[in-house]
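K.L.:
Next up is a structure, given as structure tokens.
Derivation of every value follows stated rules applied to the coordinates shown; laboratory data play no part. Remember, it's a predicted structure, so these values are computed and weren't measured experimentally. Note: ideal-geometry Cβ built from the backbone for every residue, glycine included; neighbour counts use all protein chains shown.
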Amino acid sequence: MHWILIAAIGAVVGYLGGLFGKGGAAIATPFLALIGVPAIVAVASPLPATVPGTLVAFSRYRKGGFANRRVIGWSVACGVPATVVGALLTRWVAGGTLVTVTDVVIVCLGLRVLLHRNRTIGAAPDADPDPSSVRLATIAIAVGLLAGLLANSGGFLLVPLYLAVLSLPIKSALASSLAVASLLAVPGTIVHASLGHIDWRIAIVFGLASIPLSSLGARTALAMNAGRLERIYGAGLVVLGVGLLALG
């Protein structure tokens, strides 16, 4: 039953990851902890498991022409080193307060998306805005540090920040987030594996269950009207943030 529950969590997280443009490790952690997985293992084990599904979901967006190469390039160049630093800081920085602050930020960003719809919401992929390098670097470093500290790929913050700060269209934000999240998960995985935080049995079961559902989630998002998708995304962030706060 324990492994069936882990597979079920992997499937649900995979679908939500493809739908909402994120790796899903942040969502997986509280649910794995609820079924009895030790806290540090619940934090770190989903990280490598989300990489294959995230890449599969990204490939669907890339084929549709929604990947913003400049945003992805800057996010990876600045985010990867920041993720390594964040992961190393877990030896000295308590994660509890950071998790609570992050959940509050998720709620606020969700409300921001709901109340202030993106003006480029209906734009074609080639109509993406051209954000400044300073904004791109700032977002990437902040998300990378949190991704390393919280042992996730950062996707839960990338999309709302791409929407709110960079004014990307929703599907471009989702595509770029998936690409960046899959790469930010790699250095975090290496560091946490070296610290002995990952149970590879959980990672394998979780990952195998999440891959097909990640693709389905991405297909669902691509088929939606952009306005409806952004409203669902904003509401989903609010529900996620409130739910994680309630779970403590």
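K.L.:
Work out the length of the dipole vector of the stretch 2-247 about its Cα centre, built from +1 on the beta-carbon of each Lys and Arg and -1 on the beta-carbon of each Asp and Glu, and round it to the nearest 20 debye. Numbers along the way, then the final one.
P.N.:
Values: 16 positive and 6 negative charges, 93 e Å.
In total the dipole reaches around 440 debye.
K.L.:
Over its Cα atoms, what ratio of radius of gyration to 2.2 N^0.38 Å does the chain give?
P.N.:
Working: Rg = 16.3 Å, N = 248, 2.2 N^0.38 = 17.9 Å.
The chain yields a ratio of 0.91.
K.L.:
Could you give the angle, 0 to 90 degrees to the nearest 10, between helix 155-164's Cα long axis and the longest principal axis of the Cα atoms of the chain?
P.N.:
20 degrees
K.L.:
Where is the GNM fluctuation largest for the chain (alpha-carbon springs, 10 angstrom cutoff): Ala147, Ala181, Ala77?
P.N.:
Fluctuation is largest for Ala77.
K.L.:
Something else: Quick check: residue separation of Lys63 and Leu34 times 0.36 nm, minus the Cα distance between them. What number comes out in nm? Can you show the working numbers first?
P.N.:
Values: separation 29, 0.36 × 29 = 10.44 nm, distance 3.73 nm.
Additional length available on full extension: 6.7 nm.
K.L.:
Something else now. Expressed as an acute angle from 0 to 90° and rounded to the nearest 10, what is the orientation of the C-alpha long axis of helix 69-89 relative to the principal long axis of the chain?
P.N.:
Once rounded, the angle reads 30 degrees.
K.L.:
Could you tell me which residue out of Ala140, Ile4, Ala235 lies farthest along the dipole of the stretch 2-247 toward its positive end? Charges go on the beta carbon: Lys and Arg +1, Asp and Glu -1, centred on the Cα centre.
P.N.:
So the residue we want is Ala235.
K.L.:
How much length is gained on full extension from Arg70 to Arg112, taking 0.36 nm per residue of separation minus their Cα-Cα distance? List each step's numbers first, then the result.
P.N.:
Values: separation 42, 0.36 × 42 = 15.12 nm, distance 2.44 nm.
Result for the pair: 12.7 nm of gain on full extension.
K.L.:
Relative to the first principal axis of the alpha-carbon coordinates of the chain, what is the inclination of helix 200-223, with its axis defined by its Cα atoms, in degrees from 0 to 90 and to the nearest 10?
P.N.:
Tilt relative to the chain: about 20 degrees.
K.L.:
Which whole-number percentage describes the relative contact order of the chain, with Cα contacts under 8 Å and a sequence gap of 6 or more?
P.N.:
Values: 477 pairs, mean separation 102.9, N = 248.
Here the relative contact order equals 41 percent.
K.L.:
Per 0.36 nm of contour for each residue apart, how much would the distance between Ala193 and Ala8 grow if the chain were fully extended, relative to their Cα-Cα spacing?
P.N.:
Values: separation 185, 0.36 × 185 = 66.60 nm, distance 2.37 nm.
Residue separation times 0.36 nm, minus the Cα-Cα distance, leaves 64.2 nm.
K.L.:
Then there's this: Any chance you could check the Cα centroid distance between the stretch 172-248 and the stretch 1-53 for me, in angstrom?
P.N.:
Between the Cα centre of the stretch 172-248 and that of the stretch 1-53, the gap is 9 Å.
K.L.:
Mind giving me the nanometre distance, one decimal, between the label points for Ala223 and Leu89, set 7 Å out from Cα along Cα→Cβ?
P.N.:
Those two pseudo-labels are separated by 4.2 nm.
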